[in-house]
1. Run down 127, 118, 113, 134 and say which single residue is within 20 Å of the chain's Cα centre (by Cα), part of a strand (DSSP E or B) and in contact (Cβ under 8 Å) with a residue 40 or more places away in the chain.
2. Name every residue in the range 64-110 that is hydrophobic (A, V, I, L, M, F, W, C) and under 20 Å from residue 135 (Cβ atoms), in order of residue number.
3. Surrounded by 13 or more Cβ atoms within 10 Å (Cβ to Cβ), basic (Lys, Arg) and within 20 Å of residue 168 (Cα to Cα): does that describe residue 128?
4. Would you point out the residue of the range 137-168, among those that are free of Cβ contacts under 8 Å to residues at least 24 places away in the same chain, in a strand (DSSP E or B) and basic (Lys, Arg), that is surrounded by the fewest Cβ atoms within 10 Å (Cβ to Cβ)?
5. Please work out which one of (1) in a loop (DSSP other than H, G, I, E, B); (2) surrounded by 14 or more Cβ atoms within 10 Å (Cβ to Cβ); (3) at pLDDT 90 or above is the condition residue 108 fails and give its number.
6. Out of the range 77-92, which residues are part of a strand (DSSP E or B) and in contact with a Ser or Thr (Cβ under 7 Å, 6 or more places away or on another chain)?
7. Tell me which residues, restricted to the range 93-105, are basic (Lys, Arg) and either touching a residue at least 24 places away in the same chain (Cβ under 8 Å) or in a strand (DSSP E or B) (or both).
8. In the list 112, 126, 146, 117, which residue meets the criterion of being of a type in the set (Asp, Glu) and closer than 16 Å to residue 58 by Cβ?
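The values are calculated or read from the model by the stated rules, or taken from the named source; none is laboratory data. In this text the structure is predicted, and so the values were computed from the model without any measurement. Because the Cβ atoms are built from the backbone with ideal geometry, glycine has one as well, and the counts that use them run over all protein chains shown.
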Amino acid sequence: MKTFLKLILLAFIFSGCNQNVNQKIENAAEKDTITKTKKTITEPVVDSRKKNTGDLDQLFPIDILNPKSKDVFKKYGIEFTGNCYACDLAIVSISEKRFKITNVCDDKTTQEFEITEFSGSDDLIEFKTKQNNFILTKIDKAPVYELKITGDSIKIKNLRISKFYTTQKNAG
């Protein structure tokens with residue numbers, strides 16, 4: 001519980017710092033003369049599977065803390081039972097050809113599945129393995145994803161798959 005309170009305190013401190021930095025930047029921008037140059041940037045051609053799995057290299061398990069909240073930081077949070085006490089939750093990684101789950105506490109405890117079919121867009125990614133169908137739906141712009149699994153149940157010791165995930169950069 002103390003760790004959770006420390007994390008919340010740090011979040012408030014960092015969010016307060018960011019606001020002051022933005023104000024200083026705005027004040028400096030008013031004093032400086034800025035010249036704009038026009039640049040043309042061409043995007044490289046990217047395989048659709050790579051584009052859709054770009055942020056999905058590591059998805060971290062989260063839980064809904066306050067379903068009615070509109071503030072993403074109050075609505076979602078760390079699932080303490082699986083991260084701290086039981087230490088049985090799985091981090092999910094989706095690459096071009098593999099779906100990998102890794103224990104949050106022990107990165108040597110892993111299980112990989114070969115992806116046989118893959119399709120997706122920005123808000124919905126569907127892929128299949130020999131035993132299961134997976135649907136990863138973006139439910140919040142934070143981003144927060146909901147993972148639904150159909151087919152055979154995945155019950156592997158110390159690799160419990162959560163219902164909700166977020167990207168590595170948003171997990172902290």
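1. Selected residue: 118, the only one of 127, 118, 113, 134 that is within 20 Å of the chain's Cα centre (by Cα), part of a strand (DSSP E or B) and in contact (Cβ under 8 Å) with a residue 40 or more places away in the chain.
2. Initial filter on the range 64-110 (hydrophobic (A, V, I, L, M, F, W, C)): 64-65, 72-73, 78, 80, 84, 86-87, 89-92, 94, 99, 101, 104-105.
Answer for the range 64-110, where residues must be hydrophobic (A, V, I, L, M, F, W, C) and under 20 Å from residue 135 (Cβ atoms): 64, 89, 90, 91, 92, 94, 99, 101.
3. Here the answer is no, as residue 128 does not meet what is asked.
4. Per the criteria, the residue is 148.
5. For residue 108, the failing item is (2).
6. 89, 90, 91
7. Within the range 93-105, 98, 100 qualify.
8. Numbers: 126 fails: closer than 16 Å to residue 58 by Cβ; 146 fails: closer than 16 Å to residue 58 by Cβ; 117 fails: closer than 16 Å to residue 58 by Cβ.
One residue alone meets the criteria, 112.
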